[in-house]
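Throughout, read-outs are computed from the coordinates displayed, never taken from laboratory work. From a predicted model like this one, the values you see are computed outputs, not experimental measurements. Neighbour counts are summed over all protein chains in view; Cβ atoms, including those assigned to glycine, are modelled from backbone coordinates with ideal geometry.
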Amino acid sequence: MQERLSFEDEITRNKIKSFLLIGIIFIFFILLGYAISFAFDPSYFFFIMIISIVFSLSYVLISYYNSHKIALASVRARPASPIEHRSFFNAVENMSLASGLPMPKLYVMESEEINAFASGRNPKNAVICITTGALKKLNKQELEGVIAHEMSHIANYDIRFMTLTAVLIGMISIISQMFLRNLWFSSYKDRDNKNILIFLIAIIISILAPIAAQLVSLAISRKREFSADASAVKFTRYSPGLVSALEKIKREHLSTEEISRESKRYSPAIAPLFISDPFKKKIQGLFSTHPPIDARIEKLKQM
């Protein structure tokens, strides 16, 4: 008999992995800064760090405080109606009581596919948006499972966590761009072989660090999805509801034309917010924002 998984252990395990992964991004940031500063002058290290931090924080914090507005506007969502979308309100009210979170603002977006997302910098400023397709196709238990997953993102402050990740990746990208662009305006004819080697190492790190950091960010996104699934079971105490919803998402058969039309509704920047990949990517792995649905279902069935 297979040993059952504890949702509490799964939540803790995925949170630890997320923090370790963000630590790796921070290490990339420090290594890149050192490599570039030594390629020019070690005294430049703090100067490079300060510039990248200021630019990255300024850009990301503006997005952070308006994250829910940006996300809702990008999918042309409209406020949900307590009368027309009664099942939506009931599910959120139930999960709000179960989680102890304040009732978020509710929105609906026109789409035939089953999907939903949560956004907002904290529980008091949270929103949940769901597709009209999800409201049509999901029963009460399935809808509550999906809502519990989204409430979990709010409870776990995932928007805040992913914003921190975005700040670090932004800093890495800024440093890399500063260094690579500066190469066009510099001359290294008089440098010795040792310095040339340092420059080559700095160039390689500048090219690879942003790519590696982005891959780690995607890994964090996948871990947060597993954590939200486990937290959803904690709120509902009924894993079959979310399992059934994910199975329906997996079985959805949209034509190529429908997938193309639906995917145009979304910005790649908000794809990680959804309960399932809105772009329906065939290839799963390092470049995916979401873990495979089969893997999520398998874990949920063990809880």
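Applying both filters, DSSP loop and at most 14 other Cβ atoms within 10 Å, to the GluC sites (Glu not before Pro) of region 85-150 gives GLU110.
In this entry, region 72-143 is assigned a mean projected area of 4.7 nm², taken as a quarter of its C-alpha convex hull surface. Could you state the number of Å between the C-alpha centres of region 160-177 and region 210-233? So the two Cα centres are separated by 16 Å. Model label points for SER87 and LYS105, set 7 angstrom from Cα along the Cα-to-Cβ axis, are 2.6 nm apart. Kindly flag which residue pairs out of LYS137/LYS223; LYS17/LYS248; LYS69/LYS136; LYS140/LYS234; LYS136/LYS301 have an alpha-carbon separation exceeding 22 Å in this structure. Distance filter (> 22 Å) returns LYS137/LYS223; LYS17/LYS248; LYS69/LYS136; LYS136/LYS301.
In this simple spin-label approximation, LYS250 and ILE27 carry label points 7 Å from Cα along the Cα→Cβ vector, and these lie 3.4 nm apart.
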